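Remarks on the structure that follows.
The values are calculated or read from the model by the stated rules, or taken from the named source; none is laboratory data. What you see is a predicted model; the values in this text were computed from it and never measured. Here the Cβ positions follow ideal geometry from the backbone for every residue, glycine too, while neighbour counts run over all protein chains shown.
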Amino acid sequence: MDLGLEGVAAEEAELLKRNVLFSRHEELKAWARSNSLWPLTFGLACCAIEMIATRGSLFVADRFGFFFRNSPLQADVMIVSGSVTKKMAPILRRLSDQMAEPRWVITMGSCATAGGPYVRSYSVVKGVDQIVPVDVYIPGCPPSPVALIYGFQKLRAKIRAEARRGREVTARG
Ligand code: SF4
């Protein structure tokens with residue numbers, strides 16, 4: 001970008017180039033949000049154990065910039081880990097609605113993504129996207145904590161890319 005530095009001494013111009021950054025407000029917000037995601041844990045079955053392990057002392061999710069919360073009022077990304085029964089679907093929707101915008105959803109494991117081994121069951125929802133929009137799908141049965149961390153990196157990239165493209169940063173957009 002041209003900083004319009006004609007007439008400025010070379011040394012000062014160099015200093016300005018190194019220290020002055022230009023960005024759009026939306027991109028700045030997306031950068032801050034993507035580096036401080038607060039996930040709402042929604043563990044429903046075996047995948048939840050891997051999600052809990054991500055928080056534990058071996059992987060320590062906090063050092064990657066995401067901090068697990070237990071309240072939708074404090075969270076901006078829901079991790080759905082495990083099989084969602086039709087009985088739980090309205091509760092999942094209610095918790096999602098209680099989260100402030102912008103909010104995002106990660107499905108962890110093949111059950112949450114598409115019904116998994118229970119796809120032919122009468123009682124299991126065949127994918128969380130039938131209840132709320134999903135931003136990142138993590139495959140596996142179960143996916144490892146490393147896969148969840150990778151999923152968060154993908155979500156970060158998505159938030160920043162949408163801000164760059166000028167779209168409102170929201171999963172409901
Ligand atoms: S994807 Fe596999 S590990 Fe995860 S909840 Fe379903 S059956 Fe359990």
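From the list 129, 135, 97, 76, which residue is more than 22 Å from residue 46 (Cα to Cα) and touching a Phe, Trp or Tyr at 6+ places or on another chain (Cβ under 9 Å)?
Result: 76 is the single residue among 129, 135, 97, 76 that is more than 22 Å from residue 46 (Cα to Cα) and touching a Phe, Trp or Tyr at 6+ places or on another chain (Cβ under 9 Å).
When residue 57 is tested against (1) outside any loop (DSSP other than H, G, I, E, B); (2) of a type outside the set (A, V, I, L, M); (3) surrounded by fewer than 20 Cβ atoms within 10 Å (Cβ to Cβ), only condition (1) is not met. Would you confirm whether or not the stretch 166-173 contains a residue that is aliphatic (A, V, I, L, M), part of a helix (DSSP H, G or I) and at pLDDT below 95? No: zero hits. So which residues in the stretch 83-116 are away from the ligand (no atom under 14 Å from the Cβ), hydrophobic (A, V, I, L, M, F, W, C) and part of a helix (DSSP H, G or I), if there are any at all? Within the stretch 83-116, 89, 91, 92, 95 meet the criteria. Exactly one residue among 155, 148 is under 11 Å from the mean Cα position of the chain (by Cα), assigned to a helix (DSSP H, G or I), touching a residue at least 40 places away in the same chain (Cβ under 8 Å) and within 16 Å of the ligand (Cβ to nearest atom), and that residue is 148.
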